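What follows is a single structure, written as structure tokens, with notes after it.
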Amino acid sequence: MQAVKPSIHKITGINIATPKGYYASGLHCGIKHKKLDLGLLYSLVPADAAGVYTTNRVQAAPLKVTQENIKQEGKLQAIIVNSGNANACTGKKGLQDAKQMQLETAQKLGIPSHFVGVASTGVIGEHLPIEKISAGIKDLVLDDEIKGSIDFSQSILTTDTVSKNTAYTLKIKDKDITIAGTAKGSGMIHPNMATMLGFITSDANINQSDLHSALSYAVDRTFNCITVDGDTSTNDMVLMLANGMAENEELNKNHPEWELFLDALVMVCEDLGKLIAKDGEGASKLIEVNVEGALTDKDARVIAKTVVGSPLVKTAVFGCDANWGRILCAAGYSGVSFDPDQMRILIGDSEVVVDGEPVPFSEEEVRNYLKGQEIHITVLLSEGIGSGRAWGCDLTYDYVQINASYRT
């Protein structure tokens, strides 16, 4: 992870409702057997909104509704989320159900219906139990304290083993700005903007078009650099709200501290992305691949994600096997051009390949290193100054077990 700058501070506590003017809630409405399955996020005032969505040609009904709503004024004031059912591939009824969630949430809060975003995650191809959701919407009680944030972050989970939260604060001139986030994702993770949802709140005053640019920039370097199993979901979505309640001078690309805001947003997204990768279904290890010396940063990210997504690399890490040939092979089929005869590979601090050829290393030392919970692989090229990272996890027996019985 990049170093936190002196003017950016990580904070703990409430998280998604930490920025000024936000409330959250979550409860069990009966979609899942026992766990929380319906969540609500709310801003006291309409917030500038930006979204990044799955590139899967099959998109779930909630994504369509949310995209249509943001297009109207570029704002959202609330997001209603259910887990346990993706409302994907559900035809006209699925679209009607998503719009009903939107409308009933708007009525509960007394806001225009197009200010409500909708998100769903879970099993594909089953209709929502809309009556249960409708009853749940009526029972939701908003909270700006830690319970509301915890309940919201837990209500969006499916096969996740832990909730995923983070928050940072930064000072721009004399105003404190907070950016917070929560996410879900454990399997079907290979975002290209999996089943992955991310929600980010900020009290920053920011130009809406530049907010979208900032979110796209951050997602491209974080969420789009994680992979668990190579599957891109129908429901992937990252939404960001910025309600302006920090009362700072409007941020835009020409603001002298724009880069500082970008850095903080990337930190939020990177934290969440790594938590998703670490919590991959059945995973026992987080894998980070760092590529340096590529022609461009984009090339470096493509190579890194290809390596960390290789089933053979993932199984080698699970088995604590220093099989560097799998790393070299994955980089080679990434589609990025480079000279393999000037390539170096390190597993942890151990150099295993220099100029495309093996060098002596201690198998025992590398094997012991691979027994750890966080594994770092470095690929050094000689094409330019491009650098990039990607995160994933090992592939274990438990992944097969979890997904072989997902619906049952």
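Bear in mind these aren't lab numbers, they're just calculated from the coordinates by the rules spelled out. Given the structure is predicted, the values throughout are model-derived calculations rather than measurements. Note: ideal-geometry Cβ built from the backbone for every residue, glycine included; neighbour counts use all protein chains shown.
Every listed requirement among (1) buried (at least 18 other Cβ atoms within 10 Å of the Cβ); (2) part of a strand (DSSP E or B) is met by residue 44 save one, (1). For the stretch 92-138, a residue qualifies if it is in a loop (DSSP other than H, G, I, E, B) and among the hydrophobic types (A, V, I, L, M, F, W, C), and the qualifying residues are 111, 124, 128. Checking each residue in the stretch 150-169 for being surrounded by fewer than 24 Cβ atoms within 10 Å (Cβ to Cβ) and among the aliphatic types (A, V, I, L, M) picks out 150, 162. If you go through the stretch 21-41 and keep only what is among the hydroxyl-bearing types (Ser, Thr, Tyr) and surrounded by fewer than 24 Cβ atoms within 10 Å (Cβ to Cβ), you end up with 23, 25. Exactly one residue out of 184, 138, 93 is among the charged types (D, E, K, R) and buried (at least 20 other Cβ atoms within 10 Å of the Cβ), and it is 184. Scanning the stretch 47-82 for residues that are among the hydrophobic types (A, V, I, L, M, F, W, C) and part of a strand (DSSP E or B) yields 47, 49, 50, 52, 76, 78, 79, 80, 81. Of the numbered criteria (1) buried (at least 19 other Cβ atoms within 10 Å of the Cβ); (2) farther than 19 Å from residue 25 by Cβ; (3) touching a Cys at 6+ places or on another chain (Cβ under 8 Å), the one residue 82 fails is (2).
Of everything in the stretch 268-301, what is over 30 Å from residue 343 (Cβ atoms) and under 16 Å from the mean Cα position of the chain (by Cα)? Give them in sequence order. Passing the criteria: 268, 271, 272, 275, 279, 281. Within the stretch 261-290, the set of residues being of a type in the set (Gly, Ala, Ser), part of a helix (DSSP H, G or I) and under 23 Å from residue 370 (Cα atoms) comprises 273, 277.
Considered as a group, the residues in the stretch 240-251 that are out of contact with any helix residue (DSSP H, G or I) (no Cβ under 7 Å at 6 or more places or on another chain) and among the hydrophobic types (A, V, I, L, M, F, W, C) include one that is nearest to residue 76 (Cα to Cα), and that residue is 241. Being buried (at least 24 other Cβ atoms within 10 Å of the Cβ) and among the hydrophobic types (A, V, I, L, M, F, W, C), is that true of even one residue in the stretch 51-59? No, the stretch 51-59 contains no residue that is buried (at least 24 other Cβ atoms within 10 Å of the Cβ) and among the hydrophobic types (A, V, I, L, M, F, W, C).
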